[in-house]
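The values are calculated or read from the model by the stated rules, or taken from the named source; none is laboratory data. All values derive from a computational prediction rather than experimental measurement. For neighbour counting, all protein chains shown are included, and Cβ atoms are generated from backbone atoms with ideal geometry for every residue, glycine included. In case anyone asks, the SASA skips ligands and DNA or RNA and just uses the protein heavy atoms, side chains included. Shrake-Rupley method; radii C 1.70, N 1.55, O 1.52, S 1.80 Å.
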Amino acid sequence: MSVTKVHRKEKWWFYFIRGINLFAFRYWWLILLLFALGVFSFFWFCNEEQDSPCAQITEVRSSIDEAIRSLEDCCACNDVAHSLDYIDELRLDYGGSTGEVMVTLVWNTTDDLDLHVIEPSGERIYFSEPLSSQNGTLDIDKNRSSMDLTINPIENIFYPDLPRSGTYTINVHCYSKNSNSSEIPYTLAVNINGQTKLYNDIMYNKGDLHRQEFIIR
C-alpha cells in the first residue's frame, strides 16, 4: 500500500515571513552591524555641536523658548509698571522732597521693601542712617512699621544739591514679607538734573536684593 503526500498551498505571506526568518538566521551579523551604524549615525548627526538639521532645530527651539520667557517677563513688568507722573504725585501726597538727585521706589503690596543709596565714599543712606554728610536724605519710608501698612508704599531719597562726582550704588532690599503675594513688582525712578530713568523689576522672597548704579560727573 502506497501513501501519496499532499502538498498544501500556503498563503503568500507565509513564504514572505519564512524568507525573513531565513535571512535573519543566516545574516544576523549584518543586521547587528546595520543597527550599530544606525545608532552611531543618530548620535553623530543629532549632536548639538554639529552643523546638522537636528542642531538647527534645537537652536531654533531654544531661541523660541527664550523669546517666550522674555515676553512673559516684559508683560509682567508692564502690567505693574508705574508712570513717572504717578511716582511724582505719590511723593507729593506723602510730603516727600525733591532735589538735584532723587531716587524713588514704589510698589503695590504691604511688604516692606527698603531703599539704600551707597555713596562713593562708602557712606550709606537707609532706614538706620537717613542722612549723609552730603545731605542725602531718606525722607519717606513706608511699610516700615506693621502698624502703618499701605498698598501704595513709597521710599524716597533725595539730594537738595548735586553731590560729589563718582559712582553711587542703589540697593533695593526685600526686608520683610507682610502679604501673601508671591511676586512684588516695583518701579525704581532715578532722577539726576531733571533726567529720569525708570527700572521695573520683581521681588519674590524675603532677603532678595537688587542693585543699580548711577554716576555723578
Check your understanding: What is region 116-217 by shape, rounded, prolate or oblate, if you read a ≥ b ≥ c off the alpha carbon gyration tensor as root eigenvalues and call it rounded for a/c under 1.5, prolate for a/b larger than b/c, and oblate otherwise?
Key -> prolate
Practice item. Take each of the peptides 135-144, 118-127, average the number of other beta-carbon atoms within 10 Å over its residues, and list them starting from the highest. Key: 135-144, 118-127
Revision key, fill the gap. Checked region 81-155 against the a/c 1.5 cut and the a/b vs b/c comparison, axes a ≥ b ≥ c from its Cα gyration tensor; verdict oblate
Point to revise | Apportionment of accessible area to carbon and sulfur, region 146-210, percent (1.4 Å) | key: 45
Point to revise | Protection-proxy order for peptides 154-166, 105-117, 87-99, each taking the mean of Cβ atoms within 10 Å per residue, highest first | key: 105-117, 154-166, 87-99
**Study point:** Inter-label distance for I202 and L162, nm, one decimal - labels placed 7 Å from Cα along Cα-to-Cβ
**Key:** 3.9
**Study point:** Estimated FRET transfer efficiency (S176, L32; beta-carbon r; R0 45 Å; 0.05)
**Key:** 0.10
Check your understanding: What whole-number value in Å² describes the accessible area per residue of region 92-196 for a 1.4 Å probe?
Key -> 44
